[in-house]
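Down below is the structure, laid out as structure tokens.
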Amino acid sequence: LELALKDRGYAVFYGDDGDKGLALINSVKPDLLVLDLSMPGRSGFLVLEHMRTNGSIDCPVIVVTAIDGRRHRDYAMTLGARVFLKKPYGIHEMLDSIKQLIG
């Protein structure tokens, strides 16, 4: 995903766990967040909850996960996710979602 986005001119910042991701969100102020629900440390749900509680959701969020279940999707959307993609997803599905959200 990182290579596909960079090839299309997007700047990509990567945090390999929820705490690093939150630090990046606060320092970089991204135009878009792609967030996996299953991460080491702070989960994607906890990242979304923190962002919502602190009012720092000011960019669209795409949630990706291998977790099955409508309950997870509904909760992520309630927390501010705009797109929910189930793994494995096609790269074109991701790129189309990004284009719809930020152009």
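Accessible surface computed residue by residue for the chain, with neighbouring protein chains in place and a 1.4 Å probe, gives 60 Å² per residue.
Within the stretch 6-93, the trypsin sites (Lys or Arg not before Pro) that combine a DSSP coil assignment with at most 15 other C-beta atoms in a 10 angstrom radius are Arg8. Of the chymotrypsin sites (Phe, Trp or Tyr not before Pro) found in the stretch 5-64, those that fall in a DSSP loop while having at most 12 other beta-carbon atoms within 10 Å are Tyr14. Taking the accessible area of the chain, probe 1.4 Å, and keeping the other protein chains in place, the carbon and sulfur fraction comes to 50%.
The values are calculated or read from the model by the stated rules, or taken from the named source; none is laboratory data. Worth saying up front: this structure is predicted, and the values here are computed from it rather than measured. Cβ sites come from the backbone with ideal geometry, for glycine too, and all protein chains shown count toward neighbours. Ligands, DNA and RNA are excluded from the accessible area calculation, which covers all protein heavy atoms including side chains. Shrake-Rupley method; radii C 1.70, N 1.55, O 1.52, S 1.80 Å.
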